[in-house]
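A.B. asks: Would you mind keeping the following structure in view while I ask a few things?
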Amino acid sequence: MAEGASARRVAIVGAGLAGCLLGALLGRRGIQVAVYERRDDPRVAGAERGRSVNLAISARGLLAMDQVGLRERALGRALPMHGRMVHSVPKHGVSGDQSFRPYSADGTQAINSISRTELNLTLLNVAEQTPGVTIEFGWRLRDLDMAAGELTFETPAGTKAVRADIVLAADGAYSAARRAVTFRQDFTFSQDYLEHGYKELTIPATLSGDFALNPDALHIWPRGSSMMIALPNLDRSFTCTLFWTKAEYDALTTPDAITAYFREHYPDTVPLIPDLAEDYQRNPVSPLATIRCWPWVHHGAGCTLALVGDAAHAIVPFFGQGANCAFEDCVEIDRCLTEAEGDWDAALAAYQEARKANCDAIAEMALDNFIEMRDRVNSKAFRAETAARHFLERRLPGRYVSRYELVSFTTIPYAEIPGRMRRQDQATALVAGGALAAAGALAAAARTLARRSAR
């Protein structure tokens with residue numbers, strides 16, 4: 001271990017999913033870590049309403065949970081979803097058909113619906129119980145002076161300043177810590193917003209206490225330019241999320257307009273949401289952005305700042321990989337510290353080099369998956385393509401794997417997936433071409449034999 005590396009003062013800004021996991025991982029290394037969170041303790045104050053888009057934890061997130069002994073506990077509080085249930089476009093106000101589309105060729109693979117709030121509370125407890133980790137709530141970062149290595153917070157007891165050698169910014173897409181480097185000459189930053197925003201609704205359990213929809217699926221109502229999804233919860237409710245344009249939201253200003261719109265576009269959900277108009281009006285519309293920046297690691301005279309999770313690479317939620325990707329960041333930092341024998345400078349340099357291309361790749365795939373979910377998933381051509389891919393997966397196990405399975409059910413680096421898909425498709429196209437050529441040759445030979453026989 002580099003001299004003095006383990007004794008450096010480490011501060012994590014943000015006690016969300018990534019901040020808590022990272023704090024626990026570092027604490028287990030014997031590193032003293034202080035975690036600062038702007039919100040009040042959610043175990044006391046409760047979660048923010050309407051901003052929680054359920055998590056779809058898959059292979060990458062589960063591997064991270066393994067690192068802190070939470071895999072089985074997380075799965076025990078999750079509901080597996082083995083595929084998509086597509087609710088087709090209604091005709092003349094009558095609900096359309098439902099069609100189940102398995103995620104994997106054999107139907108056995110599942111992503112796991114889990115409450116973001118519940119997982120955050122579990123990780124908070126794990127971090128807080130890890131020796132060497134302290135968590136301060138209600139501490140809002142006002143300034144990070146990298147020359148002095150000083151963080152200034154507004155706290156319930158007034159303004160306080162703390163010192164740190166390493167600052168890990170895990171405070172989300174609109175990171176306060178990132179502002180310390182936003183206008184540095186060598187820092188490239190972009191935030192690209194979709195014209196869509198998201199709003200949550202709830203489908204409660206039925207009067208008999210059962211699920212109102214099939215709980216083994218992620219439900220999708222694709223409507224071309226927009227959509228709604230629903231994920232199951234342990235209390236047998238569903239968290240629904242609308243992904244609509246601003247114009248769609250702005251057009252619905254009265255309870256009657258809200259109900260009428262849902263009866264036209266989502267008629268099967270109207271009887272399932274007793275307080276539809278009230279729920280719709282109560283919950284906010286939140287933006288959807290892709291954030292890219294570089295570099296993620298910055299050095300000042302007094303401290304080093306590293307961006308983690310959404311602070312470095314916020315992505316849209318349409319591949320269910322935001323939390324999974326952020327968890328991979330945390331595991332990568334921990335791994336790099338091991339390889340660098342505790343040398344923070346070497347470890348953080350290796351971390352950003354290892355993760356940047358992967359995060360760029362999943363950002364693009366998430367944007368593409370939005371188009372697939374809201375539009376292409378309803379087309380006959382897409383369904384035929386999916387069926388063909390599943391057929392190839394069954395016939396060529398391990399050699400042909402769909403993009404969805406590579407992203408969700410393996411830990412293959414995201415950046416390798418587009419290239420692998422191109423190679424797979426090229427190979428199968430050659431095989432298909434060869435098979436067609438062989439079939440054509442056999443047909444020609446048969447015709448020749450037939451003509452000879454006729455003579």
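A.B. asks: Report, by residue number, each residue of region 304-335 that is within 15 Å of Arg179 (Cα to Cα) and in a loop (DSSP other than H, G, I, E, B). Give the derivation first.
C.D. replies: If we filter region 304-335 for residues that are within 15 Å of Arg179 (Cα to Cα), which is where we start, we get 304-308, 310-313.
Val308, the sole residue that qualifies.
A.B. asks: Could you please find all residues in region 66-97 being without any contact (Cβ under 8 Å) to a residue 24 or more places away in the chain and outside any loop (DSSP other than H, G, I, E, B)?
C.D. replies: Asp66, Arg71, Glu72, Gly76, Lys91
A.B. asks: It is to be established whether one or more residues within region 162-175 are among the β-branched types (Val, Ile, Thr), over 19 Å from the mean Cα position of the chain (by Cα) and under 27 Å from Leu288 (Cα atoms). Full working, then the answer.
C.D. replies: Step one: of region 162-175, the residues among the β-branched types (Val, Ile, Thr) are 162, 166-167.
With the extra rule that they be over 19 Å from the mean Cα position of the chain (by Cα), the set shrinks to 162, 166-167.
Next, from what is left, pick out any that are under 27 Å from Leu288 (Cα atoms): 167.
Looking through region 162-175, at least one residue is among the β-branched types (Val, Ile, Thr), over 19 Å from the mean Cα position of the chain (by Cα) and under 27 Å from Leu288 (Cα atoms).
A.B. asks: While we're here: Take the conditions in contact with a strand residue (DSSP E or B) (Cβ under 8 Å, 6 or more places away or on another chain), in a helix (DSSP H, G or I), farther than 14 Å from Ala306 by Cβ and among the β-branched types (Val, Ile, Thr) and apply them to Thr338. Does it pass?
C.D. replies: No; evaluated as a whole, the condition is false for this residue.
Table: residues versus (1) out of contact with any strand residue (DSSP E or B) (no Cβ under 7 Å at 6 or more places or on another chain); (2) of a type in the set (Lys, Arg); (3) outside any loop (DSSP other than H, G, I, E, B); (4) within 18 Å of Ile57 (Cα to Cα).
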position: Ala105; (1), (2), (3), (4): yes, no, no, no
position: Gln109; (1), (2), (3), (4): yes, no, no, yes
position: Ser113; (1), (2), (3), (4): no, no, yes, yes
position: Thr122; (1), (2), (3), (4): yes, no, yes, yes
position: Pro131; (1), (2), (3), (4): yes, no, no, no
position: Ala147; (1), (2), (3), (4): yes, no, no, no
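A.B. asks: Any idea which of (1) closer than 30 Å to Phe382 by Cα; (2) part of a helix (DSSP H, G or I) is the one Glu118 doesn't satisfy?
C.D. replies: All conditions pass for Glu118, except number (1).
A.B. asks: Quick check on Ser402: is it among the hydroxyl-bearing types (Ser, Thr, Tyr) and at pLDDT 75 or above?
C.D. replies: Details: among the hydroxyl-bearing types (Ser, Thr, Tyr): yes; at pLDDT 75 or above: yes.
Yes: the conditions hold for Ser402.
A.B. asks: Is it the case that some residue within region 407-416 is over 28 Å from Ala173 (Cα atoms), in a helix (DSSP H, G or I) and at pLDDT 85 or above?
C.D. replies: The answer is no, given that none of the residues of region 407-416 is over 28 Å from Ala173 (Cα atoms), in a helix (DSSP H, G or I) and at pLDDT 85 or above.
The values are calculated or read from the model by the stated rules, or taken from the named source; none is laboratory data. Everything numeric in this text was worked out from a predicted model, so none of it was measured. FYI the Cβ positions are ideal-geometry reconstructions off the backbone, even for glycines, and counts take in every protein chain you see.
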